[in-house]
Amino acid sequence: MPPNRRLLEQFLADGTIDLQKGAIFATMPEPCSPELAWQRLEGMLLGLAIGDALGNTTESMLPQERRRRYGEIRDYLPNRHVDGRCLGLPSDDTQLTFWTLEQLLVDGEFRPDRVAARFCQGRLYGLGGTVREFLRNYRDKGLPWYRCGPKSAGNGSLMRIAPIIFPHLKSATPDLWVDTALAAMLTHNDSGAIAACLALVKILWELLHLSQAPEPSWWPHTYVAVSHDLEQGRYRPRGGADLDFCGPIWQFVAAKVEAAYDRGLSVLEAGRLWYSGAYLLETVPSVLYILMCHGHDPEMAIIRAVNDTKDNDTIAALVGAAMGALHGRDALPERWLAGLTGRTAANDDGRIFELLDAAREEWGQSP
């Protein structure tokens, strides 16, 4: 039994991981075709970085206030960290994503203790309280990595989970799901957060194999199919119009997201129903709804995420990852790619492009 699977089995048995053992762990991922273009994988992580960079200068503003101050945001805004130029800079979404990829390249596989250590080696921009607590637990208190992740249903593990796919491109075994669960619990040991990561990785994996955008209902249905037997928590909204709900995140998605789509609500209107912040009961419906409405159009999907949600950098990063995986790097607007600094730190311009080139050398196939 591979070491990570042995760990997960132990954690499930003794309750170290806050998760039920769902059917996903016995599911074989669809093998990658030799025709899978590397630009789909590049698109997945570049779409994430673009969404983060477009959103992080106005993160946490209510959409109405953002629009009043900036109008419709369609490009990078002036940024004081680059002398007021309109360039795309990272927040922790991009940093943790590419630091994960960097460590995967060093080790050739996912080793949770090594990724935990890597997360503690640089300054993070805009990190949330849960990751801050993880850092204290690991770096300051010296706890083992599997004891460091707080029980939190924030979106901080979901935003960085995409690179876990890379070491599994050539093997395509259920160990993909094992690594995803362990990678999620590293910072967010909560069944809703871990289930969300498993569902997103399943969605991204399938998008890499699709030749066109799926039907709108595919997005929430796929999410629910993965997560419904994994979650063991109950969550309450903290805003929006559905304050009486109490249950698992998948149940909220099943009850609310497709119903909003059937009503023909805009992304902005739907976000008022469930709010659109960093809590997964808000982030997940927002991401799925944007993809239902605009999954055929990568530029518009990312623009709506940036403009019409509160935690817009992470929601746009997740939407961008999905759009890049489905449509590829070539479908992302050139102006966004050209304006992306490619940083993961203060002055390492181009680093994300270097890491993608290295990933292609390690796991890629001919374009």
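The values are calculated or read from the model by the stated rules, or taken from the named source; none is laboratory data. The model shown is predicted, which means the values in this text are computed figures rather than measured ones. Glycine also receives a Cβ, built like all others from the backbone with ideal geometry; neighbour counts cover every protein chain displayed.
The single condition from (1) in a helix (DSSP H, G or I); (2) closer than 22 Å to Ala199 by Cβ; (3) of a type outside the set (D, E, K, R) that Phe110 fails is (1). Here Trp336 meets the list (1) more than 23 Å from Leu87 (Cβ to Cβ); (2) out of contact with any Leu (no Cβ under 6 Å at 6 or more places or on another chain); (3) of a type in the set (Phe, Trp, Tyr) almost entirely, failing just condition (1). The set of residues from the range 153-187 being surrounded by 24 or more Cβ atoms within 10 Å (Cβ to Cβ), more than 13 Å from the chain's Cα centre (by Cα) and not aliphatic (A, V, I, L, M) comprises Trp177, Asp179, Thr187. If we scan the range 118-132, do we find a residue that is among the β-branched types (Val, Ile, Thr), in contact with an Asp or Glu (Cβ under 6 Å, 6 or more places away or on another chain) and assigned to a helix (DSSP H, G or I)? Within the range 118-132, none of the residues are among the β-branched types (Val, Ile, Thr), in contact with an Asp or Glu (Cβ under 6 Å, 6 or more places away or on another chain) and assigned to a helix (DSSP H, G or I).
Among the listed residues Thr97, Thr57, identify the single one that is β-branched (Val, Ile, Thr), assigned to a helix (DSSP H, G or I), under 21 Å from the mean Cα position of the chain (by Cα) and within 30 Å of Glu9 (Cβ to Cβ). Lay out the reasoning, then the answer.
Numbers: Thr57 fails: within 30 Å of Glu9 (Cβ to Cβ).
None of the other options fit; the residue is Thr97.
Given the criterion modelled with pLDDT of 95 or more, more than 23 Å from the chain's Cα centre (by Cα), exposed (fewer than 14 other Cβ atoms within 10 Å of the Cβ) and not in a helix (DSSP H, G or I), identify the matching residue among Glu65, Glu35, Glu72. Checking each option against the conditions leaves just Glu72. Residue count for the range 193-229, restricted to those that are within 27 Å of Leu7 (Cα to Cα) and touching a Ser or Thr at 6+ places or on another chain (Cβ under 8 Å): 11.
Examine the range 212-219 for a residue that is within 24 Å of Leu291 (Cα to Cα), of a type outside the set (S, T, N, Q) and touching a Phe, Trp or Tyr at 6+ places or on another chain (Cβ under 7 Å), and state whether such a residue exists. Scanning the range 212-219, I find at least one residue that is within 24 Å of Leu291 (Cα to Cα), of a type outside the set (S, T, N, Q) and touching a Phe, Trp or Tyr at 6+ places or on another chain (Cβ under 7 Å), so the answer is yes.
Got a sec? Which of Ala278, Ala359 is modelled with pLDDT of 95 or more, among the small types (Gly, Ala, Ser) and over 24 Å from Ile73 (Cβ atoms)? It would help to see each step written out before you state the result.
Values: Ala278 fails: over 24 Å from Ile73 (Cβ atoms).
Exactly one residue qualifies, and that residue is Ala359.
Just give me the residues in the range 170-192 being polar (S, T, N, Q), touching a residue at least 60 places away in the same chain (Cβ under 8 Å) and assigned to a loop (DSSP other than H, G, I, E, B), in sequence order.
Thr173, Thr187, Asn189
I'm trying to understand the selection: among the residues of the range 225-253, which are among the hydrophobic types (A, V, I, L, M, F, W, C), crowded, with 19+ Cβ neighbours inside 10 Å and not in a loop (DSSP other than H, G, I, E, B)?
So in the range 225-253, the residues among the hydrophobic types (A, V, I, L, M, F, W, C) come out as 225-226, 230, 241, 243, 245-246, 249-250, 252-253.
Next, only the ones that are crowded, with 19+ Cβ neighbours inside 10 Å stay: 226, 230, 249-250, 252-253.
Once the filter is applied, which keeps residues that are among the hydrophobic types (A, V, I, L, M, F, W, C), crowded, with 19+ Cβ neighbours inside 10 Å and not in a loop (DSSP other than H, G, I, E, B), the range 225-253 yields Val226, Ile249, Trp250, Phe252, Val253.
Of all the criteria given as (1) surrounded by fewer than 17 Cβ atoms within 10 Å (Cβ to Cβ); (2) closer than 21 Å to Glu215 by Cβ; (3) of a type in the set (Lys, Arg), the one not satisfied by Lys256 is (1).
Give the number of residues within the range 200-224 that are in a loop (DSSP other than H, G, I, E, B), within 24 Å of Leu36 (Cβ to Cβ) and in contact with a Gly (Cβ under 8 Å, 6 or more places away or on another chain).
Narrowing the range 200-224 to residues in a loop (DSSP other than H, G, I, E, B): 208-217.
Filter once more, so that each one left must be within 24 Å of Leu36 (Cβ to Cβ): 208-215.
Applying the additional criterion that residues be in contact with a Gly (Cβ under 8 Å, 6 or more places away or on another chain) yields 213-214.
Number of matching residues: 2.
Across the range 266-279, not a single residue is classified as in contact with a Ser or Thr (Cβ under 9 Å, 6 or more places away or on another chain), buried (at least 20 other Cβ atoms within 10 Å of the Cβ), within 16 Å of Asn155 (Cα to Cα) and β-branched (Val, Ile, Thr).
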